[in-house]
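As structure tokens, the structure follows; a few thoughts come after it.
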Amino acid sequence: MTKKKPPYRAGFVAIVGRPNVGKSTLLNRILGEHLAIVSPRPQTTRTRILGVWTGPNAQVALFDTPGLHKAKGALNRRMVEVALQTLSEVDVVLCLVEAGTGPDGRVEIGESTRWAIEEVAKSGKPAILGISKMDRAPRPSLLPVIDAYRGLHAWADVVPFSGLKGDNVEVLLEALQRHVPESEEALFPPDVLTDQAERQLAAEYVREQVMLQTREEIPYAAAVEVEEFDESDRREQSGGKQSGGKQGGLVRIAARIWVERDSQKAIVIGKGGAMLKTIGTRARENLERLLGCKVFLALHVAVEEKWSERASALKKLGIST
Ligand SMILES: Nc1nc2c(ncn2[C@@H]2O[C@H](COP(=O)(O)OP(=O)(O)OP(=O)(O)O)[C@@H](O)[C@H]2O)c(=O)[nH]1
Ligand SMILES: [Mg+2]
């Protein structure tokens, strides 16, 4: 007797949750690529980022989204709108929370986490709960955490995992494959990894370094615009992942870091240009890895007052649609 082949499945999944819970780290872990920038600061991701995982029996198209929070200011409001909008467009929701317990071992679920879960419930979509950062939680604390969250929503599945270390990510991916709908065919060709152009990724890699290297308000006052992406000296070779086969040679990139005040510009440039040099060097090294070729990266800093409050600026920077 031959065993019946399981049906092929394919669908869209929104990864949502409070800022900083590890959404982007998980997307990168599942895809094995640094598609979404990551920093220890909340509100790192500003737009939604598609990452497509293709397996033998299923395709899971994941949207990483900005963190759900009570937003103040046009930029943050727009970010939350993007996340909520994405919830309404997908087949399955993957809601992430942190595996945190209080000092006395009691499970703590904050006001904003409850609100995020309410939004997930309102979407009416099948929702998987991912309990993130399990590497930080003592094992015995996980069961009460799982129980507490089970009480808040009828989750389709509950999976503790660590995006950083990779623990249980396979289990989570299996759960996602089980819950996306049956489908006649894949949603994307098997070699598609993301919807982000290399130009956009370049801007994000620079912004990642701004977020990692600077302090206080600078990470939130900065945006990056790629003004030039010159591939004329890039060589065609087989094997480049992001580039449909291009690898080797040189890409010249010029990018502008926008900040909101002169004082912020001075900090981003640093003493004798030291800060800008560090940002540029780190971003260039990461870009060379991504693009599989040498990169020449020229960075400039410019001031545009209150860009984060203006719809036109958000649009120009790819944050608004
Ligand atoms: N220990 C531990 N840290 C993690 C894990 N996943 C993410 N982090 C860290 O948590 C911080 C935030 O991770 P991100 O992936 O940027 O979180 P996010 O949910 O995308 O955050 P926003 O884009 O701001 O909403 C970073 O410092 C990560 O290294 C994990 O599984 N374990
Ligand atoms: Mg993120």
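Of note:
- Remark: the Cα gyration tensor places segment 97-232 in the oblate category, a/c being 1.5 or greater and a/b not exceeding b/c.
- Residues whose amide H falls under 5 Å from that of GLN59, counting only those 5 or more places apart or on a different chain, are ARG9, ALA10, GLY11, with hydrogens built in the peptide plane.
- Over the chain, Cα pairs under 8 Å with separation of 6+ residues give a relative contact order of 18 percent.
- Kirkwood-Stokes translational diffusion coefficient of the chain, alpha-carbon pairs, 37 °C, 0.692 mPa s, µm²/s: 157
- Cross-link partners of LYS72 among lysines (Cα-Cα below 26 Å; sequence separation of 8 or more within a chain): LYS23, LYS122, LYS265, LYS306, LYS315, LYS316
- Mean-position separation - Cα centroids, segment 24-43 and segment 288-309, in angstrom: 19
- Taking a straight Cα-Cα cut-off under 26 Å and skipping sequence neighbours fewer than 8 places away in the same chain, the lysines within cross-link reach of LYS294 are LYS241, LYS246, LYS277.
- Counting only protein heavy atoms and a probe of 1.4 Å, the accessible surface of the chain is 50% carbon and sulfur.
- Overall dimensions of segment 192-321 as given by Cα atoms, namely Rg and Dmax in Å: 15.2, 46
- Lysines whose Cα lies under 24 Å from that of LYS4, excluding same-chain neighbours fewer than 8 positions away: none
- Size check on segment 135-214: the Cα extents along the three principal axes, sorted descending, read 47, 44, 22 Å.
- Principal axis dimensions, segment 1-112 - Cα atoms, whole angstrom, descending: 58, 38, 26
- Shape of segment 174-231, Cα gyration tensor, a/c cut at 1.5: oblate
The values are calculated or read from the model by the stated rules, or taken from the named source; none is laboratory data. All of these numbers come straight from a predicted model, not from anything done at the bench. Heads up: the accessible areas ignore ligands, DNA and RNA and are worked out on the full protein's heavy atoms, side chains in. Shrake-Rupley method; radii C 1.70, N 1.55, O 1.52, S 1.80 Å.
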